[in-house]
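Here is the structure we will look at, set down as structure tokens.
Rule-based calculations on the coordinates, nothing more; no lab input. In this text the structure is predicted, and so the values were computed from the model without any measurement. Cβ sites come from the backbone with ideal geometry, for glycine too, and all protein chains shown count toward neighbours.
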Amino acid sequence: MTDVVDFCRSVARLVRAEWIKLTRYWVVLAGFAAIAVIAVPGTMVFHWAEQAANLTSNSGYDFALSVMNRLIDLSTPIVYVLICILFAIDVSNSTVKYILTRPVTRMEMLCSKYVTALGMVTLTVLLLWAVSLGAGAAYYGLGDLTENEYVIFEGSYVLTQYAIGTFFVLLGMAAVAAMGVTVSTFSSTMGGAIIIGLILLFFFNALSIIPASLGFELTVGGEAFAVPWSTLGFPNLVLIPLDVLDDIPTGIPIRTWWTPDMLRMVVTCSLYFAFFFVVSAVGIRQRDFTL
């Protein structure tokens with residue numbers, strides 16, 4: 001038990017130092033600034049496009065969800081690239097050598113990178129929701145979801161479901177973050193980390209456009225399940241929880257989150273996260289940081 005507490009304390013100290021360090025790099029600050037620039041004007045452009053097409057969102061929640069879908073798509077590659085350079089920053093500046101001279105294990109250092117990466121994706125998603133819901137409130141209003149003065153859903157119910165959906169979005173983003181940390185584990189330069197990271201992201205995104213008719217069968221408990229190859233394109237599975245939330249503004253309650261698509265997303269992203277964690281753990285143990 002004492003070893004676990006010491007491990008967590010060491011990781012927490014490293015994470016704190018990691019965030020302080022990241023705030024001093026203009027690349028990281030520029031990345032989050034770019035996300036903010038995409039988010040704020042993006043909501044304004046989306047609203048202008050609605051008006052130009054004579055379309056109107058059903059509610060502030062509907063508007064926020066539509067905007068969020070697009071903002072996640074645009075912002076994920078940015079935060080992913082920032083995660084890809086986490087180790088590369090330390091290696092290029094020889095910071096990692098000084099860290100390893102202290103009573104810090106390589107696994108503690110790796111876990112601190114994972115916690116930092118998860119913090120970065122969480123910050124990104126919360127920032128996008130804040131902008132999306134803020135714009136929805138400004139343009140259409142939030143509160144209870146009503147139609148002809150009849151309350152369809154109370155505001156508390158809608159926000160609770162949006163919070164659940166956000167948790168699942170973060171689960172998908174965690175798999176993307178794990179891939180970024182893995183790329184960073186094997187990279188020595190920021191340029192190399194970015195190039196390799198984008199190639200991998202493009203590869204997995206390309207898998208998602210494979211026709212659903214192509215795949216393989218997986219037998220679980222004597223029952224065969226068809227698994228399309230497009231499932232391997234896990235970055236695009238991040239949007240599935242938002243698709244489930246899309247029913248709420250139309251007046252359809254979410255009776256269960258465990259739909260087949262959601263189960264596919266949870267299982268796939270969890271397996272990818274575990275796979276990338278193992279690969280990065282093996283890589284950091286074998287890598288020579290003195291070069």
key: Cβ-derived FRET efficiency at R0 41 Å, residue 214 paired with residue 160, nearest 0.05   = 0.60
message = Can you give me the angle between helix 60-84 and the longest principal axis of the chain, using Cα atoms only, in degrees from 0 to 90, rounded to the nearest 10?
response = 10
ask   = Does anyone have the angle between helix 2-22 and the longest principal axis of the chain? Alpha-carbon axes, 0 to 90°, nearest 10?
value = 80
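Quote the FRET efficiency, to the nearest 0.05, computed for residue 104 versus residue 261 with a Förster distance R0 of 30 Å and r equal to the Cβ-Cβ distance. Walk me through the intermediate numbers first.
Numbers: r = 41 Å, r/R0 = 1.38.
With a Förster radius of 30 Å, E is 0.15.
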ask   = Considering amide H positions built from the backbone, and no H for Pro or chain starts, which residues 5 or more places from residue 153, or on another chain, come under 5 Å of its amide H?
value = 145
task = Based on other C-beta atoms within 10 Å, arrange 149, 108, 217 from fewest to most.
result = 149, 217, 108
ask   = Nearest 10 degrees, 0 to 90: what angle lies between the long axis of helix 26-52 and the longest principal axis of the chain (Cα atoms)?
value = 10
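Order these by the 10 Å Cβ neighbour count, fewest first: 102, 264.
Working: 102 9, 264 16.
Ranking 102, 264 by Cβ neighbours within 10 Å, fewest first, gives 102, 264.
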query = Using a simple spin-label model with points 7 Å from Cα along the Cα→Cβ vector, what separation in nm is obtained for residue 203 and residue 227?
reply = 1.9
inquiry  = For 275, 87, which order do you get if you count the other beta carbons within 10 Å of each Cβ and list the fewest first?
reply    = 275, 87
